[in-house]
Amino acid sequence: MENGNSTLEQLQARFGADTFTPQTTKDEVLTLWMPHDKIKEVLTFLKKEISQPFLLLYDLTAIDERTRKPENGHIPYAFTIIYHLFSFDRNSFIRLKVGYRDEFPTVPSISSLWANANWYEREVYDMFGIRFEGHPHLYRILMPRTWVGHPLRKEHPARATEMGPFALYDDKVDLEQAALQFKPEEWGLQRQSDDSDFMFLNIGPQHPGTHGVLRIVLQLDGEDIVDAIPDIGFHHRGQEKMAERQSWHTYLPYTDRVDYLGGTMNNLAYLMAVEKLAGIQVPDRVKVIRVMLCELFRIASHLVWYGTFAQDVGQLSPVFYMFTDREKIFDIVEAVTGGRMHPNWFRIGGVAQDLPKGWETLVQNFINYFPKRLKEYDGMVMKNSLFKARTKGIGIFTLDEAIEWGVTGPNLRACGFEWDFRKKQPYSGYEMFDFDVPTAANGDCYDRAVVRVAEMRQSLRIIDQCLKNMPSGPYKSDHPLTTPPIKKHTMHDIETLITHFLGVSWGPVMPVGEAMSCIEATKGANGYYITSDGNTSPYRLRIRTPSFPHMQMLPYITKGYTVADLLSILGAMDYVLADIDR
């Protein structure tokens, strides 16, 4: 926490001791409340002037505070805006909060300070109705433009049963169709230049090269991309809203569906935040079991990316081989958890049950089998001259650009930056493992592939260590908020039985507070920021996904390339639409 104190001292020296009000949080991230009129100054200072600056805008979100219980020591604001910044030099986060008493507040935009603030501010506007002054393009981003209301406000209904019956009148059809039409002028785009007319081409929202329901409107001069406008939200399911209606325990299966290729990784990111909030320490056996499954899913996710990327640039056979290998991973996952793609097997404080007899043989067989296959794929894809021609020197971005746009994970490491949260801020016992962090130098589509292929080999190393050094011990914590609660505590007296009954039927009650997690997921930095007001469900749950800022960067890195290059760039990005839209 030394860094936290020095940051606070530097801020107080610059802006005055009474400018900031520190807040204690369960995750021990330096958390400061600041006044409205200092937002831009303070953030500019943290990004550009302070020593070891906070270069990454990790997340920007809001909370509707109006229905929060007042007795938990909370200032009675209507809305709070929350900025999460990260400094690579300090290896630490800072959380800045600004409270507003208005029902529809206006906040100064920081989109001129960080490129990736653009979409985050649009999302806050869309979900909460909070306006950002000075934002270049404040339109809805996830909901349709015709949507009435702002979904994450507490008065917005959470279920269809809270609304009237749906009716589709002719004039509504016309309205919706008109809203889908792309008007270049709204986006500041010209229909023609001095010497040619531009063409506007819709790619998606059902094109096979878009890996999910994504629409990209291209402004083309011949085959060259002049500009690109990604249109997201087709996959929006209201994951953050649903969390407010689920218990801490029953929300677990919902997390599986965010990066639906990442399987248990999603559970881990969520559970780490919940366990911080509750103060639960998990046994070593749990840590290693979790790591083993997460790394199996990292390989499974990378295999999907590998095969479909080769397919995007015109190679048909790899995807069949790689999906077959992914099935072998799912066979292990199924034997251990009973599920395949969405096992939903981790629990608050542990896992659902112990590893089954014979799990070692299954894992050992895969470790023996897979390296040979990876070598084959090197020859089939990575050394293929056509694959190289389609990916080398395409979609390049520099390290500075990557950080400016909020890029994390393999896409960041392909710019030559050895940054991996498993190494830098180890969680779930990753500090006990010996593995390397692969990087590449050029930051192009080919290098992003190089990094991911190397990561699969490192994941195998980690799984091998899990197999050889699996600790003995319990598969869940003995903390009272573990789910399901420990059965042996039930038969002492009627109070313990009632507590157990409530813990099973209503789910655990988490203490008041807030906590954030950040893990190195398959696609980059993934985290949950949860706020509890001492209830059986989260007061507010925020999911920071890696794909959201990655997709925002698309227009910036496609300009000047051709339509064919766009598919290489999209394939190398490795995103999932549910990870963007949530």
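Checked against (1) part of a loop (DSSP other than H, G, I, E, B); (2) within 25 Å of the chain's Cα centre (by Cα); (3) not aromatic (F, W, Y), G473 passes all but condition (2). Take A269 and tell me if it is aliphatic (A, V, I, L, M) and either under 19 Å from the mean Cα position of the chain (by Cα) or not assigned by TED's automatic domain parsing to the domain that holds I463 (or both). Taking the combined requirement at face value, the residue satisfies it.
Screening V304, V319 for residues that are in the same structural domain as P508 (by TED's automatic domain parsing), modelled with pLDDT of 90 or more and not hydroxyl-bearing (S, T, Y) leaves exactly one candidate, V304. E455 fulfils the conditions (1) crowded, with 21+ Cβ neighbours inside 10 Å; (2) part of a loop (DSSP other than H, G, I, E, B); (3) touching a Pro at 6+ places or on another chain (Cβ under 7 Å) except for a single criterion, (2). Only one of the numbered conditions (1) touching a strand residue (DSSP E or B) at 6+ places or on another chain (Cβ under 8 Å); (2) closer than 30 Å to D197 by Cα is violated by V213, and that is (1).
Within the range 261-277, can you find the residues that are among the small types (G, A, S) and modelled with pLDDT of 90 or more? Answer for the range 261-277, where residues must be among the small types (G, A, S) and modelled with pLDDT of 90 or more: A269, A273. So, in the range 181-196, how many residues would count as being within 32 Å of the chain's Cα centre (by Cα) and either farther than 30 Å from D221 by Cα or assigned to a loop (DSSP other than H, G, I, E, B) (or both)? Residues flagged as within 32 Å of the chain's Cα centre (by Cα) and either farther than 30 Å from D221 by Cα or assigned to a loop (DSSP other than H, G, I, E, B) (or both) within the range 181-196 amount to 5. In the set (1) outside any helix (DSSP H, G or I); (2) crowded, with 24+ Cβ neighbours inside 10 Å, S568 fails one condition alone, (1).
Of the residues making up the range 269-315, those that are of a type in the set (F, W, Y) and either over 20 Å from I530 (Cβ atoms) or part of a loop (DSSP other than H, G, I, E, B) (or both) are F297, W305, Y306, F309. For first residues located in the range 560-574 and in the same structural domain as D444 (by TED's automatic domain parsing) and within 19 Å of Y306 (Cβ to Cβ), partners that are assigned to a helix (DSSP H, G or I) and acidic (D, E) and lie 6+ apart or on another chain with Cβ distances below 9 Å form the pairs L567/D312; S568/D312; L570/D312; G571/D312; A572/D312; A572/D447.
Against the criterion of being in contact with a strand residue (DSSP E or B) (Cβ under 6 Å, 6 or more places away or on another chain) and either crowded, with 22+ Cβ neighbours inside 10 Å or more than 30 Å from E65 (Cα to Cα) (or both), L541 qualifies.
Yes/no matrix, rows are residues, columns are (1) surrounded by 17 or more Cβ atoms within 10 Å (Cβ to Cβ); (2) outside any loop (DSSP other than H, G, I, E, B); (3) hydrophobic (A, V, I, L, M, F, W, C):
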| site | (1), (2), (3) |
| --- | --- |
| M127 | yes, yes, yes |
| H135 | yes, no, no |
| W147 | no, no, yes |
| R153 | yes, no, no |
| G164 | no, no, no |
| A179 | no, yes, yes |
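Taking the numbered list (1) of a type in the set (S, T, Y); (2) assigned to a loop (DSSP other than H, G, I, E, B); (3) modelled with pLDDT of 90 or more in turn, Y120 passes all entries but (2). A single member of I580, I543, I498 is β-branched (V, I, T) and either part of a loop (DSSP other than H, G, I, E, B) or more than 13 Å from the chain's Cα centre (by Cα) (or both), and it is I498.
Note on the range 196-217: among residues that are surrounded by 19 or more Cβ atoms within 10 Å (Cβ to Cβ) and not hydrophobic (A, V, I, L, M, F, W, C), the one that is modelled with the lowest pLDDT is T210.
Between K424, K392, which is within 30 Å of S112 (Cα to Cα), touching a residue at least 40 places away in the same chain (Cβ under 8 Å) and surrounded by fewer than 17 Cβ atoms within 10 Å (Cβ to Cβ)? Within the list K424, K392, the selection yields K424. Screening the candidates V336, V304, V313, V319 for the property of being under 29 Å from D284 (Cβ atoms), out of contact with any His (no Cβ under 6 Å at 6 or more places or on another chain) and not acidic (D, E) yields one hit, V336.
Scanning the range 224-266 for residues that are more than 15 Å from I348 (Cβ to Cβ), within 17 Å of the chain's Cα centre (by Cα) and among the β-branched types (V, I, T) returns I232, V258.
Consider the range 18-36 and keep the residues that are free of Cβ contacts under 8 Å to residues at least 60 places away in the same chain and outside any loop (DSSP other than H, G, I, E, B). The one that is nearest to G279 (Cα to Cα) is P22.
The values are calculated or read from the model by the stated rules, or taken from the named source; none is laboratory data. All of these numbers come straight from a predicted model, not from anything done at the bench. Ideal geometry is used to build each Cβ from the backbone, glycine not excepted, and the neighbour counts take in all protein chains shown.
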